[in-house]
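In what follows, a single structure is set out as structure tokens and then discussed.
The values are calculated or read from the model by the stated rules, or taken from the named source; none is laboratory data. For clarity, every value in this text was computed on a predicted model and none was experimentally measured. Because the Cβ atoms are built from the backbone with ideal geometry, glycine has one as well, and the counts that use them run over all protein chains shown. Surface accessibility is based on the protein's heavy atoms, side chains included, excluding ligands, DNA and RNA. Shrake-Rupley method; radii C 1.70, N 1.55, O 1.52, S 1.80 Å.
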Amino acid sequence: MLTHEELKTLVLSDPVVRAEYERIEREEMPMLDAILKARAEAGMTQAQVAERMGTKAPAVARLENALVTGKHSPSVATLQKYAAALGKRLEVRFV
């Protein structure tokens with residue numbers, strides 16, 4: 001049985017997989033980190049955030065997961081609702 005690190009090394013030896021992994025790390029991970037950090041700072045579960053957003057916990061899980069997979073980009077309106085549920089506001093910047 002492979003360890004996590006051995007499997008990661010094996011999978012990332014494929015140049016296509018490595019390129020996608022690096023793209024996700026560069027582009028989406030900072031946003032995911034910010035979202036998860038904000039939720040942790042608020043001390044809230046996905047279910048609590050969902051209730052404040054007027055939705056269900058699986059929808060919040062999909063939102064957070066979308067940032068990992070890159071298959072779906074949440075709308076600004078959805079991110080604003082998420083931020084408001086945490087008592088925060090969304091700020092988008094170009095750097």
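See the values below:
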quantity: Full-extension gain in nm, ALA59 to LYS37, via 0.36 nm per residue minus C-alpha separation; calculated: 6.1 nm
quantity: Percent carbon-and-sulfur accessible area, the chain, ignoring ligands, DNA and RNA, probe 1.4 Å; calculated: 58 percent
quantity: Percent RCO, i.e. relative contact order, over the chain, from Cα pairs under 8 Å lying at least 6 residues apart; calculated: 24 percent
quantity: Trypsin sites (Lys or Arg not before Pro) within region 47-80, DSSP loop, no more than 16 other Cβ atoms inside 10 Å; calculated: LYS56, LYS71
quantity: Subset of LYS8/LYS37; LYS8/LYS88; LYS8/LYS56 violating a 29 Å alpha-carbon distance limit; calculated: LYS8/LYS88; LYS8/LYS56
quantity: Gained length - GLU51 relative to ARG89, 0.36 nm times residue gap less alpha-carbon distance; calculated: 11.9 nm
